[in-house]
Amino acid sequence: MLPSKFDLLVMKFGGTSVGSASAMKTVLEIVRDEKKKWKNVVVVISAISGTTNILLDTAAQAAAGDDALISKSVSELRTRHFEILDQTVNTPEININVKSSINELIEEFRSLCHAMFVLGETTPRALDAVASLGERMSVRLLAAIFNDAGLPAQFAEATEMVITNNLYQNANPDFPATQVATHQKLRPLFSDGITPIVTGFIGATPQGITTTLGRGGSDYSAAILGAVLNADDVWIWTDVDGVMTADPRIVKDARTIPSISYSEIAELAYYGAKVLHPKTVKPVVEAGIGLRICNTFNPTHPGTRLIANAEVQEPTEISQIIKAVTTIRNQKLVTIEGRGMLGVPGLAARAFAAVASTGTSVPLITQSSSEQSICFAIPSAPSDNVINALRNEFVKELANNDIDGVFASEPVSILTVVGYGTKNTPGIAGRIFSKLGDEAINVLAIAHGSSDVSVSLVIGSKDDSRAVLALHNLIN
Ligand code: ADP
Ligand code: ASP
Ligand code: MG
């Protein structure tokens, strides 16, 4: 009997980790190894890299009246999936069956896009139906590879397990309902020693309509399944050696952070470190599940382990406080200003309600102490909608000149420095500003204080890579 510590492991593999025949074979070997140590392993995967973008871009273009991309994308998707299949699955029956079921999904994609083209519009619900196809194809492919290699596996659609609300493109799970459905679906597979290969990213409403959890949401899928199955560990396999001191695409000498607290990783993920979807942290912390981030292409590297906040060793040296630097691009700063705002209660509440009515979330807020202006960041894409909603909300105040203006800035980036003590240690802010000053980078806004573990600054977007590189030099 294995110790209970080795009862259940959930492993999620991202798009690059399943992006080629050799990557899929590596996934097979990783799972085979862990199956020797754990009683049950649940595999959650993303669509093969680039697929979700192809699906959504084609749908958007079709809805905008251009159907030229549809047949090109259909053949690209078919080629990419079939090439991997032909390089990995030798058993003719398995190969033919999987090809035919992937073909059905691709035909579903073609008809959905065609419907959007005819209607000249799309809806979030229809886009979720399209986006879900990537994961629905990849699980069939990987399960076939496993079975062909003698490791019994069964693909499983999260639409039958992860029950969500109907907030299409950003749905939230109903944990109790998900728990019941997941146990019903997976327990029989566990009893038969079969490894489930589950679609990341997607779920369904109680009525069975497909939803998605937001871009990059497969990490969250793994956390949800880990929580409802009471897993011991959730491991996120990606294409870098764990959580690093900065995005290695920006900072070539970024280093792996061997252990990081839940609060620190939550800030990093929220403020742009794509390596982990920001919603992943909460379910695993609440369920007391271990979380590890590791590299499919360097599987012996230990990666990053998440540790409880209480286990964090307070840094003794100022130079050890900053652990990582991250950035979110394509933002705008919205300012609402006017002398008539001074001391008027409820303005901020009305402003944020108006922003929320457009479905936009606000990653950063600053307010001048004299209350003559409110300033906050939003993603660039919905900024016209947000400004219109605010101008509608404050139409009277604008007419009376109590509010002088509501406007959005040029594109900006949010730069966030993460680490315990960044807030409470004298001298950290000074170091950050001096470094940026040395590089002649102007700081447009600062949010310092809402979290114990981070400081965020807003800078012009043209400066963001230089700023990340400069602040990375502050990390010991
Ligand atoms: P996956 O497809 O496996 O989910 P993602 O592309 O979503 O992978 O996330 C991994 C990427 O996150 C890395 O390739 C890296 O460029 C980026 N990244 C951004 N910030 C960080 C960071 N601090 N540490 C590690 N990777 C980061
Ligand atoms: N395939 C989805 C995306 O590209 C989900 C994920 O990769 O996590 O957003
Ligand atoms: Mg990801």
message: Using the Karplus curve 6.51 cos²θ - 1.76 cosθ + 1.60 with θ = phi - 60°, what ³J(HN,Hα) values do you get for each residue of the stretch 248-264, in whole Hz, with x for Gly and Pro?
response: x, 6, 9, 10, 4, 9, 4, 10, 5, 9, x, 9, 9, 7, 4, 5, 5
statement: Among Lys12/Lys282; Lys72/Lys332; Lys332/Lys396; Lys279/Lys396, the pairs whose Cα-Cα distance exceeds 28 Å are Lys72/Lys332; Lys279/Lys396
message: Using Stokes-Einstein with the Kirkwood hydrodynamic radius over Cα pairs, what translational diffusion coefficient do you get for the stretch 253-376 at 10 °C and a viscosity of 1.306 mPa s, in µm²/s rounded to a whole number?
response: 89
- request: Take the alpha-carbon centre of the stretch 318-361, take the same for the stretch 60-123, and report the distance between them in whole Å.
  value: 41
message: Please compute the length gained on full extension between Val118 and Ser191, using 0.36 nm multiplied by the number of residues separating them and subtracting their Cα-Cα distance.
response: 21.5 nm
query: Amide H neighbours of Leu291 under 5 Å, counting only residues 5+ apart in sequence or on other chains, H built in-plane at 1.01 Å?
result: Val234, Leu306
query: In nm, what is the difference between 0.36 nm times the number of residues separating Phe297 and Arg78 and their Cα-Cα distance?
result: 76.3 nm
message: As an exercise, find the ratio Rg/Rh for the stretch 1-132 from alpha-carbon atoms, using the Kirkwood inverse-distance average for Rh.
response: 1.09
- request: Report the relative contact order of the stretch 8-239, percent, no decimals, based on alpha-carbon pairs under 8 angstrom and at least 6 residues apart.
  value: 28
- prompt: Taking the simple approach of a point 7 Å from Cα along Cα-to-Cβ for both Asn103 and Thr91, what is their distance in nm?
  reply: 2.0
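Over the chain, what is the relative contact order in percent, taking alpha-carbon pairs closer than 8 angstrom and at least six residues apart?
13
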- request: Determine, for each peptide in 200-207, 439-446, the mean count of other beta carbons within 10 angstrom over its residues, then list the peptides with the highest first.
  value: 200-207, 439-446
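Assign unit charges at the C-beta atoms only (+1 for Lys and Arg, -1 for Asp and Glu), then state the dipole size of the chain relative to its Cα centre in Debye, rounded to the nearest 20.
Approximately 540 debye in magnitude.
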query: For the chain, what size does the Cα cloud have along each of its three principal axes, sorted from largest down, in whole Å?
result: 74, 60, 40
field: Whole-angstrom gap from the stretch 401-476 to the stretch 152-172, using each part's C-alpha centre
entry: 37
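Taking Cα pairs under 8 Å and at least six residues apart, what relative contact order does the stretch 299-449 come out at, in percent?
Worked out over the stretch 299-449, it gives 35 percent.
Over the alpha-carbon set of the stretch 324-472, divide Rg by the Kirkwood Rh and report the Rg/Rh ratio to two decimals. Let's see the in-between values first.
Numbers: Rg = 16.2 Å, Rh = 16.1 Å.
Value, to two decimals: 1.00.
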Backbone HN-Hα couplings from phi across the stretch 72-80 [Karplus 6.51/-1.76/1.60, Hz, Gly and Pro as x]: 5, 5, 4, 6, 5, 5, 5, 4, 4
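Each reported figure results from applying straightforward, stated rules to the coordinates on display, with no laboratory input. All values reported here derive from a predicted model rather than from experimental measurement. Note: ideal-geometry Cβ built from the backbone for every residue, glycine included; neighbour counts use all protein chains shown.
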